[in-house]
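See below for the structure under consideration.
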Amino acid sequence: MNLPALIENDAASLSERVFDTLKQGIMSLHIKPREYLVIGDIAKEYRVSRTPVREALIRLAQEGWLESDGRRGARVTVPSADVILEAIEVQSALEGYVVRRATALVTDEDIQQLTAILDQADQAIRAGHPEKAHQVGDRFHQYLADKVGNRKLKAEIAQLQEHIDRVRSLIWQHAIIPVEISAQQHREILQAIQDRHVTKAEELMIYHTVWYEKKLASVLAQF
């Protein structure tokens, strides 16, 4: 297996660096589903002891990125349609709550900031950079979550999003989610927020989160 280079981060422990490196490798599909992560091989590749590698693999398993195989050790999980759809359903409920709370909290200055974010996403679309547009669009969600200020809620949404992002590149590659549609949905949500229409903003956000879920199964089938 060709492992990704170990992340450099002086502020993180060795175990955290190994964990972050392997996790990003799995999410980017650099490390493929069903591939095995062997403690000794990883330790040798990164020139570290087995202990931080073992700790990293345990944490990856706890977050659902690895599964135990009694014969060879830890194997990268296969993205499951059922698991991803469950994550999307939970995320939609949390995102709906966030926008409901945020609609009552945002100021005119916040509306301007949110509009600027969506303008940047539109610029990326026009420039032919859909992935950048998606990344900018994520900031729209992050801004609303920051406004609510519930750190535990934000962390839970982020962890769910990581599992969904694992298959995002495949979804976009197959043009299942045109970036233009996602951008337009963001505009509609922002308009509802600006109008202080709490129920409509919540309904639009929930729909925005789950609207493509029926398309996921066909993409995941290739694994």
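The table for this structure:
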| item | result |
| --- | --- |
| Where segment 105-209 is the region considered: accessible area per residue in Å², 1.4 Å probe | 54 Å² |
| Entry for percent of Cα pairs over 28 Å apart (calculated from the structure that is shown) out of (1) 32; (2) 38; (3) 27 | (2) |
| Accessible carbon and sulfur surface of segment 1-154 relative to its total accessible area, %, 1.4 Å | 46 percent |
| Long-range HN-HN contacts of E35 with modeled amide H, under 5 Å | V76 |
| Segments 114-121, 2-9 sorted - mean Cβ within 10 Å per residue, highest first | 114-121, 2-9 |
| Expected 222 nm ellipticity per residue - DSSP helices of 4 or more, -39500 (n - 2.57), all of the chain, to 500 | -23500 deg cm²/dmol |
| Relative contact order (%) - the chain, alpha-carbon pairs under 8 angstrom, separation at least six | 23 percent |
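The values are calculated or read from the model by the stated rules, or taken from the named source; none is laboratory data. This structure is a prediction, so every number in the text was calculated from the model and none was measured. Don't worry about glycine lacking a Cβ; one is built from the backbone with ideal geometry, like all the others, and counts go over all protein chains shown. With ligands, DNA and RNA removed, areas are computed over all heavy atoms of the protein, side chains included. Shrake-Rupley method; radii C 1.70, N 1.55, O 1.52, S 1.80 Å.
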